[in-house]
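Student: Please find one structure pasted underneath; my questions will follow.
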Amino acid sequence: MNLAPFSVPARRKTLVVLGAGASHGSRFAGARCRGPRPPLDLGFFSELQRASSAKPIEELLQFVRKQFGPSTTLSMEEFFSQVEYTNRFIQTLSVDRGPKVRRYQRALAWFYESLPLLFREAIGERSCRYHEALARSLQTDDVVMSFNYDCLIDRALKEAAGNNWDPENMGYGYPVSEGGEAWKGESRGQQPKRSITLLKPHGSMNWRITNGTLALDHDPYEAATADGRIIPPTWFKALI
């Protein structure tokens, strides 16, 4: 990575870590943004309230108000951990599944269905010049670790990293079985033997994992649900 902007004269192998703030602070999501912004953990339900009306979002917000009260300070991790734990507890004890019991399972489904709807409105097909500047400075021995579900850094690598980024050359650290061309930039000149590595330990909205390989979707936010694509913020970290 070229570290000259940080007063480091020599280029060196670099690990870049991106948390939720990297997406929340993207170039297009400034104070004048009228719709929802890419959410932080603590501001997830506040951003969800700013999104356009859709049944999963309305149902999820109604559940949260009844279960946790009207405050919007509930974090995504608090919500998912409590609801997922309660639902798992009910399943383990084989509690009679009446309407009151099933609401926890429905709430989890609404959460997964709300994520792509929120990202579609907050990000859609937008690019961020900050992400692109980062992608442009990376070399093939550099690694980006993103804890975000969205695909802002994926798009930036496609649009600005040139031949240094190749999802079909273990760019994600996994073999790609299909859809790699959709996330690969325009190839020019000789192709490097290696690619910038993008690691997303919490999953990604453009992923479908099957038998240890990745299938990549061209339109990540058009998915009906994020279930099976992400590892949600909960104490139970099951592999997807």
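Student: Give me the percent relative contact order of the range 117-240, please, defined on Cα pairs under 8 angstrom at least 6 residues apart.
Tutor: The normalised contact order for the range 117-240 reaches 27 percent.
Student: Along the positive direction of the dipole of the range 52-176 (beta-carbon charges: Lys, Arg +1; Asp, Glu -1; about the Cα centre), which of Gln139, Gln67, Ser53 reaches farthest?
Tutor: The residue sitting most towards the positive pole is Gln67.
Student: If you take the Cα Rg of the range 89-173 and divide it by 2.2 N^0.38 Å, with N the number of residues, what do you get?
Tutor: Its radius of gyration relative to the 2.2 N^0.38 Å reference: 1.64.
Student: Under Stokes-Einstein, with the Kirkwood radius over Cα pairs standing in for Rh, what whole-number D in µm²/s applies to the chain at 37 °C and 0.692 mPa s?
Tutor: It diffuses with D of about 172 µm²/s by this estimate.
Student: Gain in length, Gln49 to Arg34, computed as 0.36 nm per residue apart minus the alpha-carbon separation, to one decimal in nm?
Tutor: This chain segment gains 4.2 nm when fully extended.
Student: Additional query: Arg65: net charge of surrounding residues, Cβ under 12 Å, Lys/Arg +1, Asp/Glu -1, itself excluded? The partial results should precede the final answer.
Tutor: Numbers: positive: Lys66; negative: Glu58, Glu59.
Charge balance in the 12 Å sphere: -1.
Student: Report, by chain and number, residues whose modeled amide H sits under 5 Å from the one on Leu199, excluding near sequence neighbours (fewer than 5 apart, same chain).
Tutor: For Leu199, whose amide H was placed from the backbone, the distant partners under 5 Å are Val144, Met145, Ser146.
Student: In debye, nearest 20, what is the charge dipole magnitude of the chain about its Cα centre with +1 on Lys and Arg Cβ and -1 on Asp and Glu Cβ, if you could check?
Tutor: So the dipole magnitude of the chain works out to roughly 420 debye.
Student: So what is the calculated 222 nm ellipticity per residue for the chain, using -39500 (n - 2.57) for each DSSP H run with n of 4 or more, over all residues, to the nearest 500 deg cm²/dmol?
Tutor: -11000 deg cm²/dmol
Student: Between Arg12 and Asp227, what is the FRET efficiency for a Förster distance of 25 Å, r being their Cβ-Cβ separation, to the nearest 0.05?
Tutor: 0.05
Student: Ok, one more. Quick check: at a probe of 1.4 Å, how many percent of the accessible area of the chain sits on carbon and sulfur atoms?
Tutor: Working: 6370 of 12500 Å².
Carbon-and-sulfur percentage of accessible area, whole number: 51.
Student: Now for a different question. For the chain, calculate the relative contact order in percent as a whole number, restricting contacts to Cα pairs under 8 Å that are 6 or more residues apart.
Tutor: Relative contact order comes out at 21 percent.
Student: What does the accessible area per residue of the chain come to in Å², with a 1.4 Å probe and no ligands, DNA or RNA counted? Working shown, then result.
Tutor: Numbers: 12500 Å² over 240 residues.
For the chain, the solvent-accessible area averages 52 Å² per residue.
Student: Among Pro201, Gly25, Ala215, which residue has its Cα furthest toward the positive end of the charge dipole of the chain, with +1 on Lys/Arg Cβ and -1 on Asp/Glu Cβ?
Tutor: Final value for the positive-end residue is Gly25.
Student: Could you work out the local net charge near Ala223, counting Lys and Arg as +1, Asp and Glu as -1, over the other residues with Cβ closer than 13 Å to its Cβ?
Tutor: Computed value for this residue: -3.
Student: By average Cβ neighbour count within 10 Å, what is the ranking of 141-149, 102-110, 48-56 from highest down?
Tutor: 141-149, 102-110, 48-56
Student: Taking N as the number of residues in the range 126-240, what value does Rg over Cα atoms divided by 2.2 N^0.38 Å take?
Tutor: Numbers: Rg = 13.7 Å, N = 115, 2.2 N^0.38 = 13.4 Å.
Normalised Cα radius of gyration, the range 126-240: 1.02.
The values are calculated or read from the model by the stated rules, or taken from the named source; none is laboratory data. Note that the structure is predicted; figures quoted are calculated from it, not measured. Positions of Cβ are backbone-derived with ideal geometry, glycine not excepted, and every protein chain shown enters the neighbour counts. For accessibility, only protein heavy atoms count, side chains too; no ligands or nucleic acids. Shrake-Rupley method; radii C 1.70, N 1.55, O 1.52, S 1.80 Å.
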